[in-house]
Amino acid sequence: LAANAFLAQRVSSINAIAGLCEATGADVDEVARVIGADKRIGPKFLKAGPGFGGSCFKKDVLNLVYLCESFGLHTAAEYWMGVIKMNDHQQERIVSRLFRAMFNTLANKKIAMFGFAFKADTGDTRETPAGYVARLLVEEHVRLAISDPKALANAKLDLADVEGVAYEDDPYAAAKDADAVLLMTDWKAYPQLDWRRIYDSMRKPALVFDTRNCLDADMLRGIGFKVLNVGK
């Protein structure tokens, strides 16, 4: 429990720094590289993004919170609960940044979500950040189209109670007539897509929000996209 809580805490910590980087004009990747060069800290689990998911981190942190509360260690419980709160806040910030970037309204906008699995190379969607973000977007009356190489079946199950979501195996189909592409999972195939083709098929101004910082932002801007990144 302690090991997973420490790893989750590192993810929430770098995401907290990412928000500060956005506010000040810094680059979270540069900050993370310098932090990771300190041998007392090391470079692992310092990648800013949409927050942690999967079956273990949230469950284990909450178990640690429960143990602390059970033994009357309320301040320690609040500290570890802050790791979860920061993770949720990071996903809420994604939606709020989209809101501001799309002229302060998301209603009736089409957003193509690229990736639903909590990490690449898996169909696992347990506690995936994309699930929470998807629900927040639907609450804002977004027309959401989700594409993922392996996780679409699980996405349909996870969002079975959510109406109006489209599921597309083909990312080009998901992006057609979209106002924005929201990249949530860093699948290796996504940087290799024909982004000119995607741009030509979208409504303008076309936006890409790369929450994993895995795309070539300068290339995208050269095509004509407006680009958002986490921590930049």
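The values are calculated or read from the model by the stated rules, or taken from the named source; none is laboratory data. Not measured: the values here are computed from a predicted model. Positions of Cβ are generated from backbone atoms using ideal geometry, with glycine treated the same way; all protein chains shown enter the neighbour counts. SASA here: full protein model, heavy atoms, side chains in, ligands and nucleic acids out. Shrake-Rupley method; radii C 1.70, N 1.55, O 1.52, S 1.80 Å.
Summary table below
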| read-out | value |
| --- | --- |
| Taking segment 44-116 and dividing mean pair separation by its residue count, relative contact order in percent (alpha carbons under 8 Å, at least six apart) | 29 |
| From phi via Karplus (6.51, -1.76, 1.60), per-residue ³J(HN,Hα) for segment 115-127 in Hz, x at Gly/Pro | x, 10, 4, 6, 8, 5, 6, 8, x, 6, 10, 5, 6 |
| Degrees between helix 74-101 axis and first principal axis of the chain (Cα, 0 to 90, nearest 10) | 10 |
| Highest average packing first - 38-51, 115-128, 83-96, Cβ atoms within 10 Å | 115-128, 83-96, 38-51 |
| Euclidean distance between Cα centres, segment 61-82 to segment 6-59, Å | 22 |
| Under-5 Å amide H pairs with Ile146, H placed in peptide plane, nonlocal only | Met113, Ala166, Tyr167, Glu168 |
| Gain on full stretching of the segment that runs from Asp194 to Glu78 - 0.36 nm per residue minus C-alpha separation | 37.2 nm |
| Relative contact order [Cα under 8 Å, 6+ residues apart], the chain, whole percent | 21 |
| Reachable lysines from Lys59, criterion Cα separation under 18 angstrom, eight or more residues apart if same chain | Lys85, Lys119 |
| Estimated translational D of segment 1-109 in µm²/s (Stokes, Kirkwood radius over Cα pairs; 4 °C; 1.567 mPa s) | 85 |
| Gyration tensor verdict on segment 176-218 (Cα atoms; rounded if a/c is under 1.5, prolate if a/b is larger than b/c, oblate otherwise) | prolate |
| Per residue value of the accessible surface for segment 100-208 (all protein chains in place, 1.4 Å probe), Å² | 47 |
| FRET efficiency, Leu157 to Leu62 (Cβ-Cβ, R0 25 Å, nearest 0.05) | 0.65 |
| Greater than 28 Å apart at Cα, pairs in Lys47/Lys188; Lys58/Lys226; Lys156/Lys232 | Lys58/Lys226; Lys156/Lys232 |
| Packing rank of 157-169, 199-211, where each peptide gets the mean count of other beta carbons within 10 Å, highest leading | 199-211, 157-169 |
| Most to least packed among 146-155, 2-11, 187-196 [average Cβ atoms within 10 Å] | 146-155, 2-11, 187-196 |
| Whole-Hz ³J(HN,Hα) from phi, Karplus 6.51 cos²θ - 1.76 cosθ + 1.60, for segment 52-57, glycine and proline x | 7, x, x, 7, 9, 4 |
| Anisotropy class of segment 128-205 from Cα gyration tensor, a/c 1.5 cut | oblate |
| Rounded if a/c under 1.5, otherwise prolate or oblate - the chain, Cα gyration tensor axes | prolate |
